[in-house]
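Novice: Quick one: structure below, then a few questions.
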Amino acid sequence: MMRRFALRPLQMFAGARFAHDDYINRHIGPNEAETAEMLKTLGATTLDEFIAKAIPANIVRPPMKEFKALSEKDALSHLRHLMSKNKLHKSLIGQGYYDAILPPVIQRNVLENPNWYTPYTPYQAEISQGRLESLLNYQTMITDITKMPIANASLLDQATAASEAMYAAFQAHKGKRAKFFVSSTCFQSTIEMLRTRAAPLGIEVVVGDVASVDLADPSLSGILVQTPDATGAVHDFTDLFAKAKQKGVFNCCGGDLLAMCVTKPPGEMGADIVLGSAQRFGIPLGYGGPHAAFFAVRDDLKRSLPGRLIGVSKDANGEIAIRMALQTREQHIKRDRATSNICTAQALLANMSAFYGIYHGQDGLVEIANSVHLKAKTLAIGMESAGHEVVSKSFFDTVTVKLNSVAPSEFVARCAERGVVVAADLAGGSVTIALDEATMESHVTSLLEAAGLQQPVYKNLEALARQRAGFATEVARKSPFLQQRVFKSYQNEHELMRYIQRLSRKDYGLTHGAIPLGSCTMKLNAAATMIPMSWPEVNGLHPLVPDDHSRGYSAMCLDLEQKLKEVTGFAAVSLQPNSGAQGEYAGLRVIRAYHASKGEGHRDVCLIPQSAHGTNPASAVLAGMKIVVVKCLPDGRIDVKDLEENCKKHAKQLACVMITYPSTYGVFDSDIVTCTTMVHEHGGQVYIDGANLNAMVGVTGPGFFGGDVCHINMHKTFSIPHGGGGPGMGPIAVREHLAPFLPNSALGPKVGGSQSFGQVSQAPYGSASILSISYMLMTMLGSSGLRRCTEYAILNANYLRKRLEQHYPILFVGDTGCVAHEFIIDVRGFKKSANVEAEDVAKRLMDYGLHAPTLSFPVAGTLMIEPTESESKYELDRIADALISIREEIAQIERGEQPTENNVLKNAPHTARVVTAADWTRPYTRQLAAYPSSHTVLEKYWPTVSRIDGAYGDRNLICSCVGIESYKD
Ligand SMILES: *Cc1c(COP(=O)(O)O)cnc(C)c1O
């Protein structure tokens, strides 16, 4: 038996320390003695015995193939050794990725700061004001630079943002206009993505020269153009957009934030939707990501904006407060009518880019843009003097050159000798070179030498470049931007560091305590797993470098795929999807492609149980499927009879069933094998939503009870931090027969199957750099540690359930009398007995220094608790004690000792200002308001605003920080 030490400081000081370096001991909350105590509470003697009881026998898997755990230190050395096989050349490939300089103050205080990376999506806005303010800054920055009225708080990448734009245009015309035109000079990955996403929706993507587009075609819903385009050419689309608008055609425009600092922004050309990537605002290349995509729209489109929108509202005291706006659009409510399936996006990266904008301000950004532009002009002049032809007459940072005296392949080879990577169009005889903030003079002279210029003198060429215009004055930007106070106040490091820390202090993260959000798996994000993200050999690679530059990545990805195959029981893996929802989409497309390969392309019915996560139906719609809802029984299990009826009724059309396992109600349903067998018998495939894999690793797996494909939320089960709403990764794993259909990539390393349906992320391995986090975790746990995590996830949940069951009804418990790794407490009865709702309990928990469980999913008006294996017994007891104490507060209302309106629950959370106000007329004490438990006396977390009025903010939508500034002044 493993020896363990307690995590609580007191016991550590008492010397209960064991001298060994197994990471598992740091990862798992309870120690040996506590484990014994917890098992006793549950009436079991050993963990093995308890797990055997909790898991239905018919789903138990054979043991995983063993792989050894490495200590934190050894795992870091191992990964560093692997990654040293990557070649770190200077990449000038472009295609939407540019080397950027991450200001160290942002690296240290945001990227490497757990206060920023551990929180969840800001559903509990009162304890998320810091990152909400930062996301509002991001939205402001995007609207201001693009000159559009409204922007969301990020999307997954530029190519998927483009497909959201295409879908918005299609939907705005109610699906009656089936064509979407894309300029052939958009990035190639964008074009590929649009083709992939259009097919199942019945949209026809027409790719061509903008000059040839027939705007009068009544079936045209929208156009997508880009400036600067993939060749580097800067455009002014004002006339085109005006003509398109007359025909009711949507104008979608890809753009580059840095270019927009000095060139006319698409908002001033009349665009309806402007999209692109904020990567070059301080975010490392990361071999493809994560990076934030931006998406800005016309004012009247705000209610159909995909992704999350942050808005300003007020709290119970009339103070300004920020929260996610228009939450009713969340997939949970709208399901198959949702605008998009995007749930996890790129919050952390959006925040980092916003701070980059704040760090530089308008003047700094213009200076950077001018400097990049000057380097590009210098390169152009040098290329011309070497006898080559610069194709793009109007450019910003990217120059396309037709080579005359040297073959493109020879030029590329000479550049490589000098440590520079460029992209060549071998057939066309040209090269495209994209410069960036981090390009040095020596890189430019290397390029010129490679192009045959003898001993180029940079200063001389630069002097010539200064006299030449790169683009016409008509397309120069004239409007100011980032004039709000926040973009002018923090340009020295002290002030910026303090601003970043001030914001983070407002937020509750795993740095404060548990975040027991059911379905979200807020487990430890160990420091060791986060370290490789800051290594240049991990974050410095462009995703389209030649294969022999990314050997380290391919080795890591191969090993990670092996491990995920072993965990799921499947035969092949795609690491491409950038979120769970994108994994769902990819998996469903794989299923459809498989049916089509057998001549059964008509199979399009997707059966989805009532209890499913909202992204399931939203993804199925995007995959062109018809959704049929399957009933659940009152005890939470799938209604097998209803499933059977639907299988029979739709047998000819049946594509698949989409099941979350263990169910979203947190139970291991022993009927699962019956269900999967039944669907197979009717010709359907089985999609397993693997968001709850944390309850399965090493014990069971989607491949062991009849699944054909699943996605894996790496930001849940495998410890990628949630970043306050992203990034994430949602790889999919499939059985052998589905492997040929896995997603591919038009550019970069060869990935995917021989009969792939297309591409779901812009980069071949999605947000590749954060895969290193999961890889580290798995390496440090080893196969037996992975299984142990599952066991403790189940033990911790059941211990907490046991402690609470005398106080709250537990909604669903499996046949075994146990829950899986999460459970639902039912608080709906208190509405009648005490006028108390789930939200009141959630907000009161803040006064106790805790984050609420998942509210109203999967059952409205209830709370779903998932403690994870990494919470200590101390923390589990703190959650239980707080909830039991709140139950007593409710009882006081029930007994008439406290009024039904003016009480600690209805008034929660209590801010410092409220409890220290001069007058206090409430029927409870200030102490009870703010210090309801002994823990709060030791360590008080103060919410910074009172209960937020969400509806007020939705009626008076303010989604940029102009409002805040004027309010504060
Ligand atoms: C989290 C979750 C998803 C969606 O994952 P994202 O990464 O946010 O897109 C899907 N299904 C279930 C059950 C989940 O818990």
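The values are calculated or read from the model by the stated rules, or taken from the named source; none is laboratory data. Predicted model only: the values in this text are computed from it and were never measured. Please note: Cβ atoms are built from the backbone with ideal geometry, for glycine as well, and neighbour counts cover all protein chains shown. Ligands, DNA and RNA are excluded from the accessible area calculation, which covers all protein heavy atoms including side chains. Shrake-Rupley method; radii C 1.70, N 1.55, O 1.52, S 1.80 Å.
Novice: If you go through the stretch 564-616 one residue at a time, how many are over 14 Å from Cys710 (Cα atoms), among the hydrophobic types (A, V, I, L, M, F, W, C) and within 11 Å of the ligand (Cβ to nearest atom)?
Specialist: Residues meeting the conditions: 1.
Novice: Report yes if Ser619 is within 16 Å of the ligand (Cβ to nearest atom), open to solvent by less than 50 Å² (accessible area, probe 1.4 Å), polar (S, T, N, Q) and more than 29 Å from Asn798 (Cα to Cα), otherwise no.
Specialist: Numbers: within 16 Å of the ligand (Cβ to nearest atom): yes; open to solvent by less than 50 Å² (accessible area, probe 1.4 Å): yes; polar (S, T, N, Q): yes; more than 29 Å from Asn798 (Cα to Cα): yes.
Yes: the conditions hold for Ser619.
Novice: Does Gly624 meet the test of being more than 15 Å from the ligand (Cβ to nearest atom) and within 25 Å of the chain's Cα centre (by Cα)? Break it down into steps so the answer makes sense when it comes.
Specialist: Working: more than 15 Å from the ligand (Cβ to nearest atom): yes; within 25 Å of the chain's Cα centre (by Cα): yes.
Yes: the conditions hold for Gly624.
Novice: Another question, if that's okay. Being surrounded by fewer than 24 Cβ atoms within 10 Å (Cβ to Cβ) and either within 15 Å of the ligand (Cβ to nearest atom) or in contact (Cβ under 8 Å) with a residue 40 or more places away in the chain (or both) is the filter here; which residues of the stretch 342-367 pass it? Can you show your working first?
Specialist: Our first condition is that a residue be surrounded by fewer than 24 Cβ atoms within 10 Å (Cβ to Cβ); within the stretch 342-367, this holds for 359-364, 366-367.
Listed by number, the residues that qualify are Tyr359, His360, Gly361, Gln362, Gly364, Val366.
Novice: For the list (1) within 14 Å of the ligand (Cβ to nearest atom); (2) in a helix (DSSP H, G or I), I need the number of the one condition that Met658 fails.
Specialist: (2)
Novice: In this structure, is Thr511 in contact with a Pro (Cβ under 7 Å, 6 or more places away or on another chain), hydroxyl-bearing (Ser, Thr, Tyr) and surrounded by fewer than 20 Cβ atoms within 10 Å (Cβ to Cβ)?
Specialist: Working: in contact with a Pro (Cβ under 7 Å, 6 or more places away or on another chain): yes; hydroxyl-bearing (Ser, Thr, Tyr): yes; surrounded by fewer than 20 Cβ atoms within 10 Å (Cβ to Cβ): yes.
The answer is yes for Thr511.
Novice: Identify the residue in the stretch 661-697 that is assigned to a loop (DSSP other than H, G, I, E, B), open to solvent by less than 10 Å² (accessible area, probe 1.4 Å) and in contact with a Pro (Cβ under 8 Å, 6 or more places away or on another chain) and, among all such residues, is modelled with the highest pLDDT. If you could, list the steps in order and put the result at the bottom.
Specialist: Step one: filter the stretch 661-697 for residues assigned to a loop (DSSP other than H, G, I, E, B), giving 661-671, 682-684, 696-697.
Add one more test, that the residue is open to solvent by less than 10 Å² (accessible area, probe 1.4 Å), and what stays is 661-662, 664, 666-667, 684, 696-697.
Of the ones still in play, those that are also in contact with a Pro (Cβ under 8 Å, 6 or more places away or on another chain) are 661, 664, 696.
Details: Tyr661: 95, Thr664: 90, Met696: 98.
Per the criteria, the residue is Met696.
Novice: What is the one condition in (1) in the same structural domain as Leu258 (by TED's automatic domain parsing); (2) within 17 Å of His360 (Cβ to Cβ) that Asn152 does not satisfy?
Specialist: Condition not satisfied by Asn152: (2).
Novice: Mind listing whichever residues of the stretch 833-876 are open to solvent by 20 Å² or more (accessible area, probe 1.4 Å) and assigned to a helix (DSSP H, G or I)?
Specialist: Ser833, Glu839, Lys873, Tyr874
Novice: Any residue that is surrounded by fewer than 23 Cβ atoms within 10 Å (Cβ to Cβ), assigned to a helix (DSSP H, G or I), of a type in the set (D, E, K, R) and touching a Leu at 6+ places or on another chain (Cβ under 9 Å) - is there at least one of those in the stretch 327-337? Don't jump to the end; show me each part of the working.
Specialist: First, pick out the residues of the stretch 327-337 that are surrounded by fewer than 23 Cβ atoms within 10 Å (Cβ to Cβ): 327-337.
Those still in the list that are assigned to a helix (DSSP H, G or I) too: 327-329, 331-337.
Of the ones still in play, those that are also of a type in the set (D, E, K, R) are 329, 334-337.
Pick out the ones that are also touching a Leu at 6+ places or on another chain (Cβ under 9 Å) and you get 329.
Scanning the stretch 327-337, I find at least one residue that is surrounded by fewer than 23 Cβ atoms within 10 Å (Cβ to Cβ), assigned to a helix (DSSP H, G or I), of a type in the set (D, E, K, R) and touching a Leu at 6+ places or on another chain (Cβ under 9 Å), so the answer is yes.
Novice: Give, as residue ranges, the helices (runs of 4 or more DSSP H) completely inside the stretch 81-174 that count at least 3 residues that are open to solvent by 20 Å² or more (accessible area, probe 1.4 Å). Let's see the steps before the verdict.
Specialist: Working: elements: 114-117, 129-146, 158-172.
Per the criteria, 158-172.
Novice: Considering the stretch 216-246 alone, what residues qualify as being closer than 16 Å to Gly96 by Cα and part of a strand (DSSP E or B)? Show your work before the answer.
Specialist: Residues of the stretch 216-246 closer than 16 Å to Gly96 by Cα: 224-234.
Within the stretch 216-246, Leu224, Val225, Gln226, Thr227, Ala233 meet the criteria.
Novice: Still on this model: Out of the stretch 536-564, which residues are touching a residue at least 12 places away in the same chain (Cβ under 8 Å) and surrounded by fewer than 18 Cβ atoms within 10 Å (Cβ to Cβ)? Show your work before the answer.
Specialist: Narrowing the stretch 536-564 to residues touching a residue at least 12 places away in the same chain (Cβ under 8 Å): 536-557, 559-561, 563-564.
Within the stretch 536-564, Pro536, Pro546, Asp547, Asp548, Arg551, Ser554, Ala555, Asp559, Glu561 qualify.
Novice: Yes or no: Ser219 open to solvent by 20 Å² or more (accessible area, probe 1.4 Å) and in contact with a Lys or Arg (Cβ under 6 Å, 6 or more places away or on another chain)?
Specialist: Values: open to solvent by 20 Å² or more (accessible area, probe 1.4 Å): yes; in contact with a Lys or Arg (Cβ under 6 Å, 6 or more places away or on another chain): yes.
The answer is yes for Ser219.
Novice: Report yes if Asp669 is away from the ligand (no atom under 12 Å from the Cβ) and either farther than 28 Å from Pro764 by Cα or not β-branched (Val, Ile, Thr) (or both), otherwise no.
Specialist: Values: away from the ligand (no atom under 12 Å from the Cβ): yes; either farther than 28 Å from Pro764 by Cα or not β-branched (Val, Ile, Thr) (or both): yes.
Answer is yes for this residue.
Novice: Which pairs turn up if I take residues in the stretch 681-695 that are without any contact (Cβ under 8 Å) to a residue 40 or more places away in the chain and look for partners that are more than 10 Å from the ligand (Cβ to nearest atom) and of a type in the set (Asp, Glu) with beta carbon separation below 7 Å, at least 6 apart in sequence or on another chain?
Specialist: Note: pairs meeting the criteria are Val686/Asp708.
Novice: For the condition free of Cβ contacts under 8 Å to residues at least 12 places away in the same chain, assigned to a helix (DSSP H, G or I) and open to solvent by 10 Å² or more (accessible area, probe 1.4 Å), what is the one hit in Lys641, Lys648?
Specialist: Numbers: Lys648 fails: free of Cβ contacts under 8 Å to residues at least 12 places away in the same chain.
Within the list Lys641, Lys648, the selection yields Lys641.
Novice: Tell me the residue from Leu76, Leu39 that is at pLDDT 95 or above, open to solvent by 10 Å² or more (accessible area, probe 1.4 Å) and not β-branched (Val, Ile, Thr), please.
Specialist: Values: Leu39 fails: open to solvent by 10 Å² or more (accessible area, probe 1.4 Å).
Selected residue: Leu76, the only one of Leu76, Leu39 that is at pLDDT 95 or above, open to solvent by 10 Å² or more (accessible area, probe 1.4 Å) and not β-branched (Val, Ile, Thr).
Novice: Consider the stretch 728-741. How many of its residues are open to solvent by 10 Å² or more (accessible area, probe 1.4 Å) and part of a loop (DSSP other than H, G, I, E, B)?
Specialist: 1
Novice: Tally time: how many residues in the stretch 802-832 are of a type in the set (Gly, Ala, Ser), surrounded by fewer than 24 Cβ atoms within 10 Å (Cβ to Cβ) and within 22 Å of Ala54 (Cα to Cα)?
Specialist: Start the filter on the stretch 802-832 by keeping residues that are of a type in the set (Gly, Ala, Ser), which leaves 814, 817, 820, 829.
Subset that is surrounded by fewer than 24 Cβ atoms within 10 Å (Cβ to Cβ): 814, 817, 829.
Narrowing further to those that are within 22 Å of Ala54 (Cα to Cα): 814, 817.
Residues meeting the conditions: 2.
Novice: Is at least one residue of the stretch 882-895 touching a residue at least 12 places away in the same chain (Cβ under 8 Å), among the β-branched types (Val, Ile, Thr) and surrounded by fewer than 23 Cβ atoms within 10 Å (Cβ to Cβ)?
Specialist: Checked against the condition, which is being touching a residue at least 12 places away in the same chain (Cβ under 8 Å), among the β-branched types (Val, Ile, Thr) and surrounded by fewer than 23 Cβ atoms within 10 Å (Cβ to Cβ), the stretch 882-895 yields at least one hit.
The rows are residues; the columns are (1) of a type in the set (S, T, N, Q); (2) at pLDDT 95 or above; (3) part of a helix (DSSP H, G or I); (4) open to solvent by 10 Å² or more (accessible area, probe 1.4 Å).
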| site | (1), (2), (3), (4) |
| --- | --- |
| Pro743 | no, yes, no, no |
| Ser754 | yes, yes, no, yes |
| Gln762 | yes, yes, no, yes |
| Arg787 | no, yes, yes, yes |
| Ala793 | no, yes, yes, no |
| Asn796 | yes, yes, yes, no |
| Leu800 | no, yes, yes, no |
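Novice: If I filter the stretch 901-951 down to residues being surrounded by 14 or more Cβ atoms within 10 Å (Cβ to Cβ) and among the aromatic types (Phe, Trp, Tyr), which single residue comes out as farthest from the chain's Cα centre (by Cα)? Can you show your working first?
Specialist: Here is the first cut: in the stretch 901-951, the ones surrounded by 14 or more Cβ atoms within 10 Å (Cβ to Cβ) are 903-911, 914-915, 922, 924, 926, 928-933, 935-936, 941-950.
Filter once more, keeping what is among the aromatic types (Phe, Trp, Tyr): 924, 931, 941-942.
Values: Tyr924: 42, Tyr931: 35, Tyr941: 27, Trp942: 28 Å.
Result: Tyr924.
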